[in-house]
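Colleague: Got a structure here, written out as structure tokens. Questions coming.
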Amino acid sequence: MARVFVSRRIPQPAIDLLRQHLEVAVWDALAPVPRAVLLREAAQADGVLVMLSDRVDAEFLDAAPRVRVVANMAVGYDNIDVPALAQRGVVVTNTPNVLTEATADLAWALLMAAARRIVEGHKAVENGTWGAWHPFYMLGQDVYGATLGIVGAGRIGAAIARRARGFNMRVLYHNRRRNEALEAELGAAYCTLDDVLRQADFVVVCVPLTEHTRGMFGAREFALMKDTAVFVNVSRGSVVREQELYQALRAGRPWAAGLDVFEVEPTPKDNPLLSLPNVVAAPHIGSATLSARTEMALLAAKNLVAVLSGQPPLTPITLT
Ligand code: DGY
């Protein structure tokens with residue numbers, strides 16, 4: 001029987017599924033598996049189910065000559081050196097679709113919280129600094145009728161855009177390729193990145209982290225945004241130059257930010273961004289609902305079972 005290693009405690013239905021078909025070893029903890037343990041376990045495995053915090057690279061491959069399939073329990077796969085794995089004939093899979101709606105909900109939660117100063121307001125209530133009502137107290141930005149700019153109009157970007165219909169918003173988007181289905185469905189307008197930045201009241205980033213998108217948002221891009229705009233990032237922290245975002249937010253352009261992802265995760269508590277009242281931060285919880293996480297684990301498990309029983313993977317990552 002083929003053997004797999006699962007690098008974290010994951011929802012039980014996925015372990016049960018794996019055990020029906022394979023010999024299974026699990027790092028049954030919520031903390032990341034130590035690198036040495038990952039390499040040692042991978043050495044005896046035919047497949048691995050890994051998390052976005054596990055690096056799967058040439059060193060891993062050298063330690064794991066038997067591994068034929070790597071199933072990432074995430075849609076993003078910047079933790080995996082896909083070309084190196086492809087070169088050695090190792091199949092790589094991710095978990096698209098099953099987390100789309102959960103992540104789109106979280107993007108909206110950040111957008112709304114940043115626009116209406118919910119965290120700052122919560123702190124004022126909690127700290128007793130809530131003063132008398134006055135017409136200018138804690139003014140935020142209108143969401144209804146505003147312009148939404150989506151950068152990265154894949155599945156998650158489209159799901160975020162779809163929710164904008166309820167807010168009567170104009171939708172602009174920028175993507176590597178035009179998304180004509182989105183244009184037809186929502187009347188979304190395709191724009192250059194700079195035009196999205198200039199025109200949008202809310203810029204939501206959903207691009208994957210690649211060599212092209214690393215550091216894509218810096219001082220130049222923030223300077224193009226409105227001084228009333230809200231910047232939301234639910235993709236990967238490294239698409240943003242954090243220090244430049246900090247300076248930009250301090251200078252008031254963009255007006256606020258909602259961030260689910262950071263350059264370093266967990267981000268240190270002295271990250272200067274966290275000192276700003278106009279930042280709403282979340283600890284990378286885009287897909288953090290029980291149903292999304294269960295479906296992600298199940299999909300990763302199904303990919304392992306398929307490949308190790310000689311079937312094609314359900315959701316392979318292919319080199320583009
Ligand atoms: C992903 O899947 O890439 C998310 O960032 C984690 O759920």
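Colleague: For every other residue with a beta carbon closer than 15 angstrom to the beta carbon of E244, add +1 if it is Lys or Arg and -1 if Asp or Glu, then tell me the sum.
Modeller: With Lys, Arg at +1 and Asp, Glu at -1, the neighbours total +2.
Colleague: What ranking do 136-149, 191-204 get when scored by the average of other Cβ atoms within 10 Å per residue, highest first?
Modeller: Output ranking for 136-149, 191-204: 191-204, 136-149.
Colleague: Give me, ordered by chain and number, the residues 5 or more places off V92 or on other chains with an amide H under 5 Å from its own placed amide H.
Modeller: Distant-sequence amide H within range of V92: V70, I317.
Colleague: Another question, if that's okay. Over the alpha-carbon set of the chain, divide Rg by the Kirkwood Rh and report the Rg/Rh ratio to two decimals.
Modeller: Ratio of gyration radius to Kirkwood radius for the chain: 1.01.
Colleague: Percent antiparallel among DSSP beta bridges with both residues in the chain, to the nearest 5?
Modeller: 5
Colleague: As an exercise, take the mean of 1/r over every pair of distinct alpha carbons in the range 206-249, invert it, and state the Kirkwood radius in angstroms.
Modeller: About 10.7 Å, per the Kirkwood formula over Cα pairs.
Colleague: Answer rounded, prolate or oblate for the range 31-90, using the Cα gyration tensor with square roots of eigenvalues a ≥ b ≥ c: rounded when a/c is under 1.5, else prolate when a/b is larger than b/c, else oblate.
Modeller: In terms of gyration-tensor shape, oblate.
Colleague: Report the extension gain between R178 and R55 in nm, rounded to one decimal, defined as 0.36 nm multiplied by the number of residues separating them, less their alpha carbon distance.
Modeller: Gain on extension, R178 to R55, equals 41.1 nm.
Colleague: Charges only on Cβ, +1 for Lys and Arg, -1 for Asp and Glu: so what's the dipole of the range 1-147 about the Cα centre, in debye to the nearest 20?
Modeller: Using only the charged Cβ atoms, the result is roughly 180 debye.
Colleague: Once you place label points 7 Å from the Cα toward the Cβ at A223 and T129, how far apart are they in nm?
Modeller: 3.2
Colleague: Equivalent ellipsoid semi-axes for the range 80-230, as square roots of 5 times the alpha carbon gyration tensor eigenvalues: give them largest first, rounded to whole Å.
Modeller: Three semi-axes, in Å: 33, 19, 16.
Colleague: I'd like to compare 46-55, 178-187: which one has the highest average count of other Cβ atoms within 10 Å, and what's the full order after that?
Modeller: Ranking, from highest mean packing down: 46-55, 178-187.
Colleague: Could you calculate the FRET efficiency of E23 with L319 from 1/(1 + (r/R0)^6), where r is the beta carbon distance between them and R0 is 35 Å, rounded to 0.05?
Modeller: It comes to 0.70.
Colleague: When ranked by the protection proxy of mean other Cβ atoms within 10 Å per residue, highest first, what sequence do the peptides 162-172, 103-113, 119-129 form?
Modeller: Top to bottom by mean Cβ count within 10 Å: 103-113, 162-172, 119-129.
Each value in this text was obtained by applying a stated rule to the coordinates, not by laboratory testing. Here the structure is a predicted model, which means the values were calculated and not measured. Cβ sites come from the backbone with ideal geometry, for glycine too, and all protein chains shown count toward neighbours.
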